[in-house]
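Below is one structure, written out as structure tokens; the observations come after it.
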């Protein structure tokens, strides 16, 4: 009973906060709701025995990406943002597409059959500790993708500087 | 124990809210936030799969998705700042230079 209640609270909070993120007209309010949303998602990860992922979620998403959002919003003009309409003219079409996709996915979810379980049971992770199990896998089987991820970040750094740099002529 | 299907339904709901925001908002910053919302929905389902199938690979994928999301946010905001410098707007319906 208690796990269901716990999940129910987190699930309803996550859905409500994501609705608020999408519908607020003030971008700063959206970002604040998104901060709460990310903390609740991190709580859900803890519930799923993924403490390293929960820490990453708080540090990278709430700590880095949201601060980036906030900086960019503060660079822009907020005064006129509150006066104009927040949705484009053809928003019913978007609502229809999202609802249709939701119906399709929900009708598929029922027929899902899980595959065979792997070796990372709760007892195994408890004995090994989660971060160590994840790190061992990341630095052995997934070493090459890990290097590619570092390359992606390097490209992002260089690309962001090149794109946002002011041209000398202007 | 909470069934796996509940997590999948939650993930689908958050993903669809993200799709709705992506398709309907005028402000390009909120559109970017909707993309982050969709990535988070996928992360929820991946971690749930990883827990219920007792396999670590889902969480490895989540780490890569968070890396790509950070890179995407940095590049995306550089593009937004360049756009704002040239056009003085963040509304997607006023950016129609490529319309034929």
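Details
- Distance between the pseudo-spin-label points of residue A:151 and residue A:12 (7 Å out from Cα toward the beta carbon): 4.8 nm.
- Segment A:1-77: equivalent-ellipsoid semi-axes (sqrt of 5 x gyration tensor eigenvalues, Cα, Å): 26, 16, 5
- Neighbour-count order for A:91, A:33, fewest beta carbons within 10 angstrom listed first: A:91, A:33
- Taking the convex hull of Cα positions in segment A:117-170, its mean projected area over all directions (nm²): 5.7 nm²
- Centroid-to-centroid separation of segment A:116-170 and segment B:39-100 [C-alpha atoms, Å]: 15 Å
- Counted by neighbouring Cβ atoms within 10 Å, the residues B:65, B:17, A:122 run from fewest to most as A:122, B:65, B:17.
- Percentage relative contact order, segment A:1-112, counting C-alpha pairs under 8 Å, at least six apart: 21 percent
- Part-to-part distance (alpha-carbon centres) for segment A:27-56 and segment B:10-37, which is given in Å: 16 Å
- At 1.567 mPa s and 4 °C, Stokes D of chain A from Kirkwood alpha-carbon radius, µm² per second: 64 µm²/s
- The gain in end-to-end length when the residue A:132 to residue A:36 segment is fully stretched comes to 31.7 nm, 0.36 nm per residue minus the alpha carbon separation.
- Summarised as an ellipsoid, chain B has semi-axes of 33, 16, 8 Å, derived from the eigenvalues of the Cα gyration tensor scaled by 5 and square-rooted, with the largest first.
- For peptide A:35-45, the mean count of partner chain Cβ atoms within 10 Å of a residue's Cβ comes to 2.
A short reminder: the numbers here are calculations on the coordinates, not readings from a lab. No experiment lies behind these values; they were computed from the predicted model shown. Methodologically, a virtual Cβ is constructed for each residue, glycine included, from the backbone with ideal geometry; neighbour enumeration extends over all protein chains shown.
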